[in-house]
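Below: one structure, written as structure tokens.
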Amino acid sequence: MKILVLGAGRMGLGAAYDLAHNSPEVSSVTVADVDGARARAVVDAVASAKLTSAQVDVEDSARVVELMRGHDAAVSCVTYFHNLALARAAIEARTHFCDLGGNNAVVDAELALDEEARAAGVNVIPDCGLAPGMVAVLAAHGAERFDALEAVHIRVGGLPLIPKPPLDYQIVFSVEGLINEYVERARVVREGRIVEVESMTELEELEFPAPFGRMEAFQTSGGTSTLPDTFLGRIKELDYKTIRYPGHCAQFKLLIDLGLASSDEIELDGARVRPRRLLGELMQRTTAFPASIVAQTMARGGTTKIGALPQERCIPPAPFVAALAARDIRIDESFID
């Protein structure tokens, strides 16, 4: 199978590495970026004969469609606000498409393309990172083990073993996505109804084995993705909270309260500046593998349905979990009577 990776940042590097070194069914991978040198740098870093590079501006729809047509599936590792246009391009190219998500409104718009995707015979699957992403398939996987279900509570944290001050955190995905998680409202199920709550609220303490110990968790946007809609009518409660080292919530919320996560332009020394852009530039990125697994599942025809769909409705959980295990991402399950 032939896979296209759009975006040669840290996330694109991670997807390309997984496709090249952990995926025997993949015969070739194209890494494309607006910066051709950056795409070539990813090819050099991954060091696999499967990889080639291409230069493409994802805002050039005609060029993107042309590039997609030579591939079985495409993975978007660019910033979330390009994903709707890329999903449309994939439908035109008749190429399966997935992305790393990052914004509820964009995901909803992608899912609204279901009729067009089915007509083209392709899957469009947004929100395929860690969370949102992998957790949705795992939630569906866990739900299959119960005859009746009352509540789903998801707690997720990608954390460094050695926290670095002042935020005691390390960016493990898009900065824009992280800020969205912290400033937009979170969708949850309460008393059988979908409602929205403010992010960075409902702080709780959790206790983990060493070396983590006591941690905190709080509401964040996007983590539930499409799960409230998928489970509506089946459960009374569903929520998702992000796990961080103690104190992180208060520290980051201070930055938000000071306006540093605002997208509104302000004047500074005669220049127009968006504080959120500045905050993003002061942070860094890295990657995850689940989108690579979803792309390969689509390319081999392994989804249960064709169309624009949430992954928990079309990605078979057992093979997905097996693919994670093959990458040393092990899922431990325990049940309490």
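Read-outs throughout are calculated quantities, based only on the coordinates presented, and are distinct from any laboratory measurement. Here the structure is a predicted model, which is why all the values come from computation and not from measurement. Quick reminder, even Gly has a Cβ in these numbers, built from the backbone with ideal geometry, and neighbours come from all protein chains shown.
Summary table below
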{"read-out": "Estimated dipole of the chain in Debye, rounded to 20 [Cβ of Lys and Arg +1, of Asp and Glu -1, Cα centre]", "value": "760"}
{"read-out": "Relative intensity, log₁₀ I(q)/I(0), of the stretch 152-218 from a Debye sum that treats every alpha carbon as a point, q = 0.20, 0.24 Å⁻¹", "value": "-1.04, -1.30"}
{"read-out": "Label-point separation, L232 to R69 (7 Å along Cα→Cβ), nm", "value": "3.9"}
{"read-out": "All Cα pairs of the stretch 201-262, percent lying beyond 13 Å", "value": "70"}
{"read-out": "Residue-by-residue Karplus 3J(HN,Hα) for the stretch 254-267, coefficients 6.51, -1.76, 1.60, Hz, glycine and proline x", "value": "4, 4, 5, 5, 7, x, 6, 9, 7, 8, 6, 6, 10, 8"}
{"read-out": "5 angstrom amide H check on M200, placed H, neighbours 5+ away", "value": "Q219, T220"}
{"read-out": "Check: the stretch 134-281 dipole with +1 on Lys, Arg Cβ and -1 on Asp, Glu Cβ, in debye", "value": "220"}
{"read-out": "Hz values of 3J(HN,Hα) by residue in the stretch 57-69 - Karplus curve (6.51, -1.76, 1.60), Gly and Pro given as x", "value": "8, 5, 7, 8, 4, 4, 5, 5, 4, 4, 5, 4, 4"}
{"read-out": "Estimated vicinal HN-Hα couplings, Hz - the stretch 78-94 in sequence order (Karplus 6.51, -1.76, 1.60; Gly, Pro = x)", "value": "9, 4, 3, 6, 8, 5, 5, 5, 5, 5, 5, 4, 5, 5, 5, 7, 6"}
{"read-out": "Residues K164, K253, K236, sorted so that the one with the fewest Cβ neighbours within 10 Å comes first", "value": "K164, K236, K253"}
{"read-out": "Added length on full extension, which subtracts the Cα-Cα distance from 0.36 nm per residue, L258 to S48", "value": "71.0 nm"}
{"read-out": "Cα pair distances exceeding 19 angstrom across the stretch 134-281, given as percent", "value": "58"}
{"read-out": "Stretchable slack from E25 to L149, in nm (0.36 nm times residue separation minus alpha-carbon distance)", "value": "41.0 nm"}
{"read-out": "Built amide H within the under 5 Å cut-off of S262, gap 5+", "value": "R276"}
